[in-house]
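The values are calculated or read from the model by the stated rules, or taken from the named source; none is laboratory data. Note that the structure is predicted; figures quoted are calculated from it, not measured. When we count neighbours, we look across all protein chains shown, and the Cβ atoms used for this are built from the backbone with ideal geometry, even at glycine.
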């Protein structure tokens, strides 16, 4: 989907792109992806620290994505065929999640 959309080609080369392991082979100049140890070798201390930094940033985005999914209306199968109703539910749940985060401060 990323290749078909052409979004990644519009991002300037000097901007770091954060990818998951599913995007190996993406044509970007700066890619932030965790290192994996090779068979029989271990990661160096610097590589482990970089992986911790990457995972610390990644967990924030994962929590942001999974927060609205706690409202099961967007994670369960939706059978109604009304136009744009799924987008409306996504907007409502994201708004409720943001409201919850604001109250939690």
Quick one: residue 84 ticks every box in (1) under 24 Å from residue 8 (Cβ atoms); (2) not assigned by TED's automatic domain parsing to the domain that holds residue 8 bar one, so which box is it?
(1)
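Looking only at segment 65-90, filter to residues that are in a helix (DSSP H, G or I) and within 18 Å of the chain's Cα centre (by Cα); which one of those is surrounded by the most Cβ atoms within 10 Å (Cβ to Cβ)?
First, the residues of segment 65-90 that are in a helix (DSSP H, G or I): 65-66, 68-70, 85-90.
In the following step, the residues that additionally are within 18 Å of the chain's Cα centre (by Cα) were identified as 65-66, 68-70, 90.
Numbers: 65: 9, 66: 11, 68: 21, 69: 13, 70: 12, 90: 15.
Ranking the qualifying residues of segment 65-90, first place goes to 68.
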Can you tell me which residues in segment 23-64 are at pLDDT 80 or above, part of a loop (DSSP other than H, G, I, E, B) and surrounded by 13 or more Cβ atoms within 10 Å (Cβ to Cβ)?
34, 35, 43
